[in-house]
Amino acid sequence: QVQLAESGGGLVQAGGSLRLSCAASGNIFRINAMEWYRQAPGKRRESVASIASIGRTNYADFVKGRFTISRDNAKNTLYLQMNSLKPEDTAVYYCYAEATTMTRNYPYAYWGQGTQVTVSS
């Protein structure tokens, strides 16, 4: 199994910044793609940003120019730097990872528990 633990969420005023972290642990052999998703009340879960093992990144249009995704493979950690936050960014942010383990060669999808981000007007 692989466990993902998000941290860094909180309450911030519009225009402020937060940095989210996602630490992966467990019987990890290799982590492939990693992503940040978010879900606001009454909304579908949506992809925010993704990063491949080689470092290629993709961003949703609504965060381009404001958010930056990165990863530290040595620490098995994913980051999301969020700047110029808007009230509409308020949501629970989830870490996602595709990974293989020491005892299972097939890739599985893993999700974190989520961290709340609230942006006030």
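Simple spin-label estimate for Ala23 and Thr118 gives 2.5 nm between the two label positions (7 Å along the Cα-to-Cβ direction from each Cα). Counting only aspartates and glutamates at least 8 places from Lys86 when in the same chain, those with an alpha carbon closer than 18 Å to its own are Glu46, Asp61. Computed from backbone phi with θ = phi - 60° and the Karplus coefficients 6.51, -1.76 and 1.60, the 3J(HN,Hα) list for region 88-104 is 5, 7, 4, 4, 8, 9, 10, 8, 10, 9, 9, 8, 10, 10, 5, 10, 9 Hz; x is used for glycine and proline. Site pair Gln1 and Tyr108 shows an inter-label distance of 0.8 nm when each label is modelled 7 Å from Cα along Cα→Cβ.
With +1 assigned to the C-beta of every Lys and Arg and -1 to the C-beta of every Asp and Glu, and no other charges, what is the dipole magnitude of the chain about the Cα centre in debye, to the nearest 20?
Values: 13 positive and 8 negative charges, 22 e Å.
In total the dipole reaches around 100 debye.
Could you provide, to the nearest whole Å², the per residue accessible area of the chain with probe 1.4 Å? Mind showing how you got there, number by number?
Details: 6740 Å² over 121 residues.
Per residue, the chain has an accessible area of 56 Å².
Accessible surface comparison of Met102, Met34, probe 1.4 Å, protein chains only, largest first: the order is Met102, Met34.
Rounded to the nearest percent, how much of the accessible area of the chain (1.4 Å probe, protein heavy atoms only) is carbon and sulfur? Please list the in-between numbers first.
Values: 3100 of 6740 Å².
In the chain, the share of accessible area belonging to carbon and sulfur is 46 percent.
Split the chain at each of the trypsin sites (Lys or Arg not before Pro) in a DSSP loop with at most 15 other beta carbon atoms within 10 Å, and the longest piece is 1-42.
The values are calculated or read from the model by the stated rules, or taken from the named source; none is laboratory data. Nothing here was measured: the structure is a model prediction, and the numbers come from that model. Methodologically, a virtual Cβ is constructed for each residue, glycine included, from the backbone with ideal geometry; neighbour enumeration extends over all protein chains shown. These area figures cover heavy atoms from the full protein model, side chains too; ligands, DNA and RNA do not enter into them. Shrake-Rupley method; radii C 1.70, N 1.55, O 1.52, S 1.80 Å.
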